[in-house]
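In what follows, a single structure is set out as structure tokens and then discussed.
The values are calculated or read from the model by the stated rules, or taken from the named source; none is laboratory data. Owing to the predicted nature of the structure, the values given are computational and were not obtained by experimental measurement. Glycine also receives a Cβ, built like all others from the backbone with ideal geometry; neighbour counts cover every protein chain displayed. Note: accessible area is taken over every heavy atom of the protein model, side chains too, but ligands, DNA and RNA are not part of it. Shrake-Rupley method; radii C 1.70, N 1.55, O 1.52, S 1.80 Å.
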Amino acid sequence: MNVHVTQPETQGSAAPAVDYDEKIVKQFFTATVVWALVGMLAGVWVALQLAWWPANLDNPYTTFGRLRPLHTNAVIFAFAGNTVFLGIYHSMQRLLKTRMFSDALSQFHFWGWQLIIVAAALTLPFGHTQSKEYAELIWPIDIAIAVVWVVFAINFFGTIAIRKVKHLYVAIWFYMSFVLTVAVLHIVNNLSLPVSFTKSYPIYSGMTDALVQWWYGHNAVAFFLTTPFLGLMYYYLPKAANRPVFSYRLSIIHFWSLVFLYIWAGPHHLLYSALPDWAQTVGAAFSIMLIAPSWGGMLNGLLTLRGAWDRVRTDPVLKFFVVAVSFYGMATFEGPMMSIRPVNGLAHFTNWVVGHVHSGALGWNGFMGFGILYFLAPRIFGRIAKPSWVETHFWLGTIGIVLYIVSMWSAGLTEGLMWRAVGEDGLLQYPNFVSIVDRLNLFYWIRFLGGAMYLVGAVMMAWNLWLTARGGGSPDAELPVAAPAK
Amino acid sequence: MNTNKAANPPDWHRRLIENKGGLMAVLSVAAIAVGSLVELVPMFTLEFEPREIEHVTPYTPLEVAGRDIYIREGCYLCHSQWVRPFRSETLRYGEWSRASEYAYDQPFQLGSRRIGPDLHRVGGKYNDAWHYEHMKDPRSTSPGSIMPPYKWLYDASWSGDDIDASVAGLITLGQPFPQEQAGNPQAHAFKQAKAISEGLKEFDIEVSADKEIVALIAYLQRLGQDSKAMAEARAAAEGGE
Ligand code: HEM
Ligand code: HEM
């Protein structure tokens, strides 16, 4: 029997004490909370700019074109990235029953990564960008990322090498694939020739550059926002539910098919482009197949809760996890649908894609992150300052997501249909582009509202965790997450 | 208790694979290598349609500077340069986009959003004065626009030295700049910019040639010109037959 899954180690249990590095866990914990606020604030701001253009503030540094990459980098690499590192440094030590390979490397990784984020925040508003989505950072920062990543990889594999348990639990495979694949993607997509300290030109050109970028870009989604988060799901969901993972065999099939299929899917970002037809066809076919492993993984997560559903109603951590996994299922249903050529013909370029992105980003990544923070807080600090706020956060976030994605679907369908409307006379029915833009304004405001609610929830969380860490507030013994696992 | 058999893994593959960190690492890289190699390698040997590529030339030094501004300002986050082969798109924008047109796009600028209209065919659609007014205050030419104003492009100057460095880099990457541009890129850029600022005088617009807005206009007016040349050649070939 798979001991470390079925029997979550409890504080002060009889298991032989391992001197885990808790400092690094706390550091990544703090960074996750801080960057969540920064990244989401930037998101709400760009959302406002589309609803009300004066929010560009008429200066170069805060226009949409410069702030949007700041948003995407901050939420993906700073918020989601630190969430993943938090989860890995916490769970890996426990799964392998050993301290990390080297504290010095852990510290280097932590501080190196935070410096990279600060460097991003200091370059993107000044327009220093490579213009490739999610690979905007300029070449000196790219080199720094590569160095920090290698250090992380050494620490990661070093820890595997010195592990005290023989078996590598499924979460570790997902982490491993993340560590290795992100390195490959990052290096290949960023090969470029510097012409100054802040500018470089990629060695690829035209459609080749486009395919390399979307091979990267899609797999940034796959191997930064999906694979490691699935690893987190496989660790934290069974832990929080105090049940074994539903099926070990399914997790094996899930892992290998997901990793093998995902890497092919990039061309679904280039359907109906000048990319050769065979590449478009292959990319679309693999994207559609991806629904199988994605839903396999989702079901493995949800079915882990069988027999524990009554707990979901009362345990806010499980609530966050269940909603996260459900949105994962939704995004990975929508994605394959959007890879069907005619559907993509309608959805592409529209706000529908933005809605799809955020059902994954807000629902899956955001809620997994929040759930893990709330799961860990009582384990790190012994309690949570304001348990009732967790519930409020959950509902603010959930309603925020729904407002966000429903408004973006509506906006996407509206503009998609209006762009393509051709009358009986063979002429465009809406030749004036701005008249279509006009129709989206209400949807942009609703999205702004949804995003703002989501942000308010995150602020409540940050405040709550701050009080928790500071030792303020009133300890509440009834908080389910703080209850010792049986 | 746990009645689910699948949660008790058969031992053989654990012994064989999942207990071996090194092997897992090799296999998971192999799993991603297959798709990557199959999709990417053929792209490096891609050949352009000869009758198209002969009409495509690298951007001029000034256009390179304008393109760098386009990238810096993140215009690609609101504008695509990718007309799809649909009737509604060719009606709205013009010829659909061909692979050869992008030959000298480093980095590519296809974009993934259309918060504003596609720009791949915008060259020649408006005159320079329109762009000059539009970039300063988009609502002056397009009431209801949500595009931000770009007033700083009218104060800042492009740098000749940057242009030299950029063109040198692009030549290293294999772009075939004609000799009159490669020899002294910034002088060529200045000449082209001068012509634009002279042209703007006819609209009572006084702008010195070294302003960033001039470079950006040069770039915008270039977009789609190669496609036009291709289309004219196609038409001529058909007419001649
Ligand atoms: C408070 C919450 C958030 C708000 C209000 C927000 C808002 C926005 C807006 C307005 C855009 C630009 C969309 C466009 O091009 O029209 C955007 C893009 C994006 N956001 Fe967010 N965002 C939020 C949170 C997040 C989070 C947590 C993540 C990731 C974990 C995320 C990932 C992204 C990505 C990847 C894009 C680029 C999408 C694309 O290129 O299609 N966002 N966001
Ligand atoms: C089986 C899984 C999935 C498939 C097949 C898929 C497919 C797609 C497709 C077809 C697009 C639209 C491309 C376009 O027309 O421009 C897209 C965009 C996107 N998806 Fe997914 N998706 C999947 C899951 C996810 C998940 C779980 C997330 C987030 C965590 C996500 C994040 C994104 C992002 C960020 C974009 C926008 C990229 C951009 O244009 O900048 N996807 N996806």
*Select from segment B:205-235 the residues that are of a type in the set (S, T, N, Q) and not in a helix (DSSP H, G or I) and list them in ascending order.*
B:Ser208
*asked:* Restricting to segment A:294-308, and then to whatever is open to solvent by less than 10 Å² (accessible area, probe 1.4 Å) and either part of a helix (DSSP H, G or I) or among the hydroxyl-bearing types (Ser, Thr, Tyr) (or both), can you tell me which residue is farthest from A:Trp364 (Cα to Cα)?
replied: A:Thr304
*Take segment A:114-137 and flag every residue that is in contact (Cβ under 8 Å) with a residue 60 or more places away in the chain and either open to solvent by less than 10 Å² (accessible area, probe 1.4 Å) or not hydrophobic (A, V, I, L, M, F, W, C) (or both).*
A:Gln114, A:Thr123, A:Pro125, A:Gly127, A:His128, A:Thr129, A:Gln130, A:Lys132, A:Glu133, A:Tyr134, A:Ala135, A:Glu136
*Extreme residue, nearest to ligand 2 (Cβ to nearest atom), among residues of segment A:309-333 that are open to solvent by 20 Å² or more (accessible area, probe 1.4 Å) and not hydrophobic (A, V, I, L, M, F, W, C)*: A:Ser326
*Scanning segment B:77-87 for residues that are open to solvent by 10 Å² or more (accessible area, probe 1.4 Å) and not hydrophobic (A, V, I, L, M, F, W, C), which turns out farthest from B:Asp210 (Cα to Cα)?*
B:Arg87
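Residues checked against (1) within 16 Å of ligand 2 (Cβ to nearest atom); (2) modelled with pLDDT of 95 or more; (3) surrounded by fewer than 18 Cβ atoms within 10 Å (Cβ to Cβ):
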site	(1), (2), (3)
A:Leu376	no, yes, no
A:Ile401	yes, yes, no
A:Tyr404	yes, yes, no
A:Leu442	no, yes, yes
*asked:* I'd like the full set of residues that are more than 13 Å from ligand 1 (Cβ to nearest atom), not in a helix (DSSP H, G or I) and not polar (S, T, N, Q), limited to segment A:319-348.
replied: A:Ile340
*Filter segment A:199-228 for residues that are more than 9 Å from every other protein chain (Cβ to nearest Cβ) and in contact with a Ser or Thr (Cβ under 7 Å, 6 or more places away or on another chain) and give the result.*
A:Thr227
*Scanning segment A:269-287 for residues that are more than 9 Å from chain B (Cβ to nearest Cβ) and surrounded by 18 or more Cβ atoms within 10 Å (Cβ to Cβ), which turns out farthest from A:Ser326 (Cα to Cα)?*
A:Gln280
*in contact (Cβ under 8 Å) with a residue 24 or more places away in the chain, in contact with a Lys or Arg (Cβ under 9 Å, 6 or more places away or on another chain), farther than 25 Å from A:Leu191 by Cα and surrounded by fewer than 17 Cβ atoms within 10 Å (Cβ to Cβ) - does that describe any residue in segment B:148-155?*
yes
*In segment A:170-203, what residues are touching a helix residue (DSSP H, G or I) at 6+ places or on another chain (Cβ under 7 Å), within 20 Å of A:Trp215 (Cβ to Cβ) and part of a loop (DSSP other than H, G, I, E, B)?*
A:Asn190
*Can you tell which of A:Arg383, A:Arg447 is surrounded by fewer than 20 Cβ atoms within 10 Å (Cβ to Cβ) and touching a residue at least 24 places away in the same chain (Cβ under 8 Å)?*
A:Arg383
*Kindly indicate the residue of segment A:232-253 that is assigned to a helix (DSSP H, G or I) and either farther than 18 Å from A:Val84 by Cβ or within 12 Å of chain B (Cβ to nearest Cβ) (or both) and also most open to solvent (accessible area, probe 1.4 Å) among those meeting that condition.*
A:Arg249
_Candidate set from segment B:109-129 (those that are more than 14 Å from ligand 1 (Cβ to nearest atom) and closer than 22 Å to A:Val357 by Cα); member that is farthest from the chain's Cα centre (by Cα)_ = B:Pro117
*asked:* Among the numbered criteria (1) open to solvent by 10 Å² or more (accessible area, probe 1.4 Å); (2) within 16 Å of ligand 2 (Cβ to nearest atom); (3) in contact (Cβ under 8 Å) with a residue 60 or more places away in the chain, which one does A:Trp264 miss?
replied: (3)
*Is there a residue being aromatic (Phe, Trp, Tyr), more than 16 Å from ligand 1 (Cβ to nearest atom), more than 14 Å from chain B (Cβ to nearest Cβ) and not in a loop (DSSP other than H, G, I, E, B) anywhere in segment A:136-150?*
yes
_I'd like to check something: does segment B:113-134 contain any residue that is exposed (fewer than 15 other Cβ atoms within 10 Å of the Cβ) and within 11 Å of chain A (Cβ to nearest Cβ)?_
no
